[in-house]
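The values are calculated or read from the model by the stated rules, or taken from the named source; none is laboratory data. It should be emphasised that the depicted structure is a prediction, and the values quoted were computed from it without experimental measurement. Methodologically, a virtual Cβ is constructed for each residue, glycine included, from the backbone with ideal geometry; neighbour enumeration extends over all protein chains shown.
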Amino acid sequence: MEEPKFVRVEIADRIATVTLARPPRNALSAPMMREIGQVFTELGRGNEAAVAILASDFERVFCAGADITESDRRYNRRELLPEESLTDLIDPGSVVRGCLAGIRDGGLPVVAAVGGACVGAGAALVGCCDLVVLAEEAFFSLPEIDVGVLGGTRHVQRLVGPMKTREMALTGRRVPAAEFYRLGAAAALVPRAELADTARALAAEVAAKSPLALRLSKESMNRVEDLPLDEGYRLEQDYTARVSRLDDAGEARRAYLEKREPHWTWR
């Protein structure tokens with residue numbers, strides 16, 4: 001893919017840091033959403049990283065949600081922009097779904113590092129991640145009802161459950177990070193100055209695991225999340241059988257028994 005304009009990607013120690021960087025508030029335009037989806041999809045197809053961090057370039061804002069200056073045009077347009085396709089005309093929401101699917105289904109476990117305002121579609125971005133670290137100053141809101149649109153609630157339900165999500169969607173109220181943490185949506189709640197280091201430490205803990213097992217584990221959890229108990233557990237068992245046949249699974253068992261660090265071969 002071409003060099004992204006609205007996100008920055010850095011990879012070190014098998015950790016990819018994907019930083020949202022569209023001034024002034026990371027409002028999600030269609031081109032930015034395409035980039036996010038493509039970046040996470042490409043990271044999942046490669047072997048440079050085992051885990052990703054989703055962060056923001058701006059201290060007080062993680063993501064201001066969808067760019068409302070283009071929302072009306074996207075849903076009520078009569079012509080396409082040069083970078084758009086007929087899909088955008090027939091199904092205006094496809095670009096948003098593609099962005100979110102890149103994070104949720106791209107392959108890599110993703111740690112969200114949320115340091116500030118997380119609004120609307122920005123909250124949906126976090127709802128697609130696998131682990132969340134929050135700064136004490138952060139907050140979430142679903143103000144779509146105040147600007148003539150809807151959306152984001154299904155993803156936020158993954159974070160705080162259906163009833164809290166309904167409260168947010170029907171009132172547009174801001175919910176502080178401490179409330180999200182209390183409800184179990186985040187692995188850590190820290191001062192903003194400690195956010196990056198805490199997210200990095202959590203990502204490093206994940207990156208130490210078998211990269212193939214991580215991908216299969218994420219895929220398995222995505223698939224069983226909305227299944228009935230027995231059906232979901234049966235599918236997990238199928239994934240267990242797949243993982244156990246990997247060379248890296250044997251290495252994991254040997255390293256555990258020999259009390260040493262494993263050496264992954266991606267096989």
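Checked against the criterion of being over 24 Å from ILE15 (Cβ atoms) and either surrounded by fewer than 17 Cβ atoms within 10 Å (Cβ to Cβ) or not charged (D, E, K, R) (or both), the candidates VAL110, VAL133, VAL114, VAL147 yield just one match: VAL147. Out of LEU214, LEU246, LEU235, one residue alone is free of Cβ contacts under 8 Å to residues at least 24 places away in the same chain, of a type outside the set (Gly, Ala, Ser) and either assigned by TED's automatic domain parsing to the domain that holds GLY46 or out of contact with any Phe, Trp or Tyr (no Cβ under 6 Å at 6 or more places or on another chain) (or both). It is LEU235. What's the total number of residues in the range 1-55 that are in a strand (DSSP E or B) and farther than 19 Å from ALA124 by Cβ? Counting residues in the range 1-55 that are in a strand (DSSP E or B) and farther than 19 Å from ALA124 by Cβ gives 9. Using the structure shown, decide if LEU195 is in contact (Cβ under 8 Å) with a residue 40 or more places away in the chain, assigned to a strand (DSSP E or B) and in the same structural domain as GLU59 (by TED's automatic domain parsing). The answer is no for LEU195. Filtered by the rule that a residue be hydrophobic (A, V, I, L, M, F, W, C) and in a helix (DSSP H, G or I), the range 181-192 gives no residues. Taking the listed residues VAL132, VAL119, the one that is over 22 Å from LEU43 (Cα atoms) and of a type in the set (Val, Ile, Thr) is VAL119, with no other qualifying.
Report whether or not GLY122 is crowded, with 23+ Cβ neighbours inside 10 Å and modelled with pLDDT under 95. Criteria not met by GLY122.
Just one of the listed residues (ARG173, ARG154) is modelled with pLDDT of 95 or more, surrounded by fewer than 16 Cβ atoms within 10 Å (Cβ to Cβ) and under 20 Å from GLY102 (Cα atoms), namely ARG154. Residues in the range 58-79 that are in a helix (DSSP H, G or I) and at pLDDT 70 or above: 3 in all.
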